[in-house]
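Throughout, read-outs are computed from the coordinates displayed, never taken from laboratory work. Just so it is clear, the model here is predicted, and its values are computed rather than measured. Heads up, the Cβs are rebuilt from the backbone with ideal geometry, glycines too, and the neighbour counts pull from every protein chain shown.
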Amino acid sequence: FCPSDAYRQDTFTVVDATTTGTTPGAPICVVASSNYVGSVGSGDPSSLYTYVPSDPPPGRDNGNGLFFRNHSVTIAQITDGTSQTFAAGERSQNLSRASWTGAVTNAAVPLVALQAEAGLDPEGGGALVLSHTGEGHGPNSPSGLAHGDQYWSLHPGGANFLFADGSVRFIKEVINFSIFQAIATRAGGEVLSADQF
């Protein structure tokens, strides 16, 4: 857990995909909580839509980051460099719940306290363990308030990210969006310098 997350809980109840509007779905199971989620890359990890194995990157089931459904990634496949590729990032539990235990089939990830005015508009089960950079803004952006699968922290000015080389760096919320997306991909071919993030 991140010590700065005053909203954290040890466990939470995962609900099913019948969650809509302001109506919570039926409980599925109780899972352990986390403040850290893996990087699927720039595509959406959390879709409630049917699994389509042929989705091209960065499709919802075929990510261009390090973690995505039913796949493994080797160090050799991180051609952008391990020091320039996100492995995981923060998600405060005042945005939506996250778990380290894995995605739950047919689950929904409702928005929580921070999102009261947005109701319970859910993300899919992948959002329990994954996040992405594809919504057009950096971490902690007010534009991300409608998306429970975003990176989010209670740190002023940004969020902490684990890179594939094992280092942890603070990424500012005002990061250039194209740079934010580039750091999320493992083999996008972007050339970045450390002063860009």
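Here the Karplus curve 6.51 cos²θ - 1.76 cosθ + 1.60, taken at θ = phi - 60°, turns the phi angles of region 181-197 into couplings of 5, 4, 5, 7, 8, 8, 8, x, x, 6, 9, 10, 10, 4, 6, 7, 8 Hz, with x standing for Gly and Pro. As a rough guide to protection, the peptides 168-174, 5-11, 70-76 ranked by mean Cβ packing within 10 Å, highest first, stand as 168-174, 5-11, 70-76.
Rounded to the nearest 0.05, the FRET efficiency derived from the C-beta distance between residue 13 and residue 169 at R0 = 25 Å is 0.15. One chain, two ends: residue 75 and residue 195. Fully extended at 0.36 nm per residue, the span grows by 40.8 nm beyond their Cα-Cα distance. Applying 0.36 nm per residue to the separation of residue 178 and residue 1 and subtracting their alpha-carbon distance, the gain on full extension is 60.8 nm. Counting Lys and Arg as +1 and Asp and Glu as -1 over every other residue whose Cβ lies under 11 Å from the Cβ of residue 131, the net charge comes to -4.
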